[in-house]
Amino acid sequence: MSSASATGVSPAAAPDTISERPAKFGERRTVSRGSLTVTVLAPKSFVPGNTAYPQSPRAVAFEVVLDNQGSRTYRPAQLVVKATGPAGNAVDPVVDKTQGYAGGVNADAEVPPGKNIRVTFAFAVPADPIDLTVTVQPDIAAAADRAEFEGTS
């Protein structure tokens with residue numbers, strides 16, 4: 001019997017404790033020794049504009065919510081968000097400033113204890129829906145400290 005069922009809490013009700021598998025879009029994961037919770041919301045599909053880079057038939061945007069549960073201010077300047085396709089191949093990030101996708105986080109952004117920040121990242125995808133894994137790493141220097149999310153986009 002798993003510890004989740006032994007305590008009467010179903011795995012669906014306690015997504016923060018299930019780190020063996022990637023979360024589904026919309027679930028939460030705890031990283032940074034419990035001081036940060038991460039949620040990657042369901043993707044929103046859009047057609048990149050003429051000035052977007054790279055050009056692709058379609059792109060998907062993910063809103064990432066970072067909740068600071070720690071006692072120190074979190075600075076997301078070192079945040080890394082990547083996407084991979086079904087075969088584990090990297091998916092290119094899209095910068096489309098005319099539609100509000102700048103490709104990163106403002107270097108001056110800060111998240112005080114008890115507060116959160118929402119940032120959006122976009123990725124180039126084929127015209128047809130594909131399965132994606134989105135990896136959120138709060139600090140570029142701590143590769144093992146990350147949360148993974150998966151779903152179809």
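The values are calculated or read from the model by the stated rules, or taken from the named source; none is laboratory data. Given the structure is predicted, the values throughout are model-derived calculations rather than measurements. Note that each Cβ is placed from the backbone with ideal geometry, even for glycine, and that neighbours are counted across all protein chains shown. In case anyone asks, the SASA skips ligands and DNA or RNA and just uses the protein heavy atoms, side chains included. Shrake-Rupley method; radii C 1.70, N 1.55, O 1.52, S 1.80 Å.
Some notes on this structure:
- Accessible area per residue in Å² at 1.4 Å probe, computed on the chain: 56 Å²
- Measuring nothing but protein heavy atoms, the accessible surface of the chain at 1.4 Å probe radius is 51 percent carbon and sulfur.
- Gyration tensor verdict on region 54-137 (Cα atoms; rounded if a/c is under 1.5, prolate if a/b is larger than b/c, oblate otherwise): prolate
- If R0 is taken as 25 Å, the Cβ-Cβ distance between residue 24 and residue 130 corresponds to a FRET efficiency of 0.95.
- Taking P(r) over Cα pairs in 10 Å bins from 0, in percent as calculated from this structure, the corresponding entry among (1) 9, 26, 36, 24, 5, 0; (2) 11, 38, 33, 14, 3, 0; (3) 12, 44, 33, 10, 1 is (2).
- Simple spin-label estimate for residue 102 and residue 141 gives 2.4 nm between the two label positions (7 Å along the Cα-to-Cβ direction from each Cα).
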